[in-house]
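The values are calculated or read from the model by the stated rules, or taken from the named source; none is laboratory data. What you see is a predicted model; the values in this text were computed from it and never measured. Quick reminder, even Gly has a Cβ in these numbers, built from the backbone with ideal geometry, and neighbours come from all protein chains shown.
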Amino acid sequence: MVGTREGGTTRAAGRARQARWAPGEQILWRYRDNADPHRFHIARPVTVVQDTDDLLAVWMAPGTAVVKPVLADGTPVHREPLATRYTKARRTSHDQWFGTGVLKLARPGDPWSVWLFWERGWLFKNWYVNLEEPRRRWSDGIDSQDHFLDICVYPDRHWEWRDEDEFAQAQRDGLMTEAQAAEVRSAGRAAVAQIGAWGRPFADGWENWRPDPGWPVPRLPENWDRPPDPLRS
């Protein structure tokens with residue numbers, strides 16, 4: 001298991017009573033396949049920064065071992081032409097997160113999470129609003145499903161839609177119904193309203209946060225795709 005274990009089932013039972021993870025604890029952040037929601041195709045071990053009633057903040061360190069989707073022949077998904085990107089056979093592949101790390105912020109119930117990116121030397125680059133299904137908690141992490149459409153927010157507070165072409169292609173390929181797409185657009189507009197008002201978490205100063213240098217890089221467990229247990233449902 002990814003989370004620290006002490007005393008096996010005793011610790012698991014304790015987690016059932018304890019609703020929150022402690023800073024420094026390691027969990028999994030996963031996404032289900034859009035074509036097969038019973039299958040996980042993205043898994044990222046992360047370190048908990050904060051876990052409260054209002055916000056879950058986690059750190060994905062540089063060099064983290066991750067699972068990502070690729071085409072059946074190993075071709076990276078982003079290199080496949082858009083017209084066939086979602087229709088060709090896929091499999092999962094183990095890789096490593098290169099470059100700087102990512103701070104992920106998620107508020108309970110929000111149909112998006114906010115990611116912070118830095119250039120080398122901790123020069124803040126941007127916020128990234130990843131539109132997604134509200135996350136479901138379980139004993140060792142959270143699960144969601146990506147909704148293709150995203151928003152990039154820059155330090156001067158201007159923003160722009162991202163991946164609108166993928167969002168449209170996903171609808172053409174039957175990965176999202178018209179009603180679901182309308183809900184995603186509505187969620188995006190709600191996120192844009194928060195950006196315009198410069199509400200949380202954009203105004204909270206997270207761009208000045210730094211990870212604890214003593215935190216180890218989390219390891220990817222062999223059973224990263226196991227079904228979620230009900231302890232944090």
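Only one of the numbered conditions (1) of a type in the set (Val, Ile, Thr); (2) in contact with a helix residue (DSSP H, G or I) (Cβ under 8 Å, 6 or more places away or on another chain); (3) closer than 28 Å to Trp21 by Cα is not met by Val66, and that is (2). Of Gly188, Gly199, Gly214, all but one fail to be in a loop (DSSP other than H, G, I, E, B) and over 20 Å from Trp59 (Cα atoms); the exception is Gly199. Checking the conditions here, which among Asp163, Asp173, Asp140 is closer than 29 Å to Thr92 by Cα, surrounded by 15 or more Cβ atoms within 10 Å (Cβ to Cβ), among the acidic types (Asp, Glu) and over 19 Å from the mean Cα position of the chain (by Cα)? Only one candidate qualifies: Asp173.
One residue is enough: does the range 161-181 have a residue meeting the conditions assigned to a strand (DSSP E or B) and either modelled with pLDDT of 95 or more or over 19 Å from His38 (Cβ atoms) (or both)? There is at least one residue in the range 161-181 that is assigned to a strand (DSSP E or B) and either modelled with pLDDT of 95 or more or over 19 Å from His38 (Cβ atoms) (or both).
Of Leu116, Leu131, all but one fail to be closer than 20 Å to Arg39 by Cα, among the aliphatic types (A, V, I, L, M), modelled with pLDDT of 95 or more and within 13 Å of the chain's Cα centre (by Cα); the exception is Leu131. Kindly provide the set of residues from the range 126-178 that are within 23 Å of Ala190 (Cα to Cα) and without any contact (Cβ under 8 Å) to a residue 12 or more places away in the chain, ordered by number. Within the range 126-178, Asp156, His158, Glu160, Ala168, Gln171, Thr177, Glu178 qualify. Residues in the range 93-124 that are among the β-branched types (Val, Ile, Thr) and free of Cβ contacts under 8 Å to residues at least 60 places away in the same chain were compared, and the one that is surrounded by the fewest Cβ atoms within 10 Å (Cβ to Cβ) is Thr100. Out of (1) part of a loop (DSSP other than H, G, I, E, B); (2) closer than 23 Å to Trp159 by Cα; (3) hydroxyl-bearing (Ser, Thr, Tyr); (4) modelled with pLDDT of 95 or more, what's the single condition that is false for Thr100? Going through the list (1) part of a loop (DSSP other than H, G, I, E, B); (2) closer than 23 Å to Trp159 by Cα; (3) hydroxyl-bearing (Ser, Thr, Tyr); (4) modelled with pLDDT of 95 or more, Thr100 breaks only (4).
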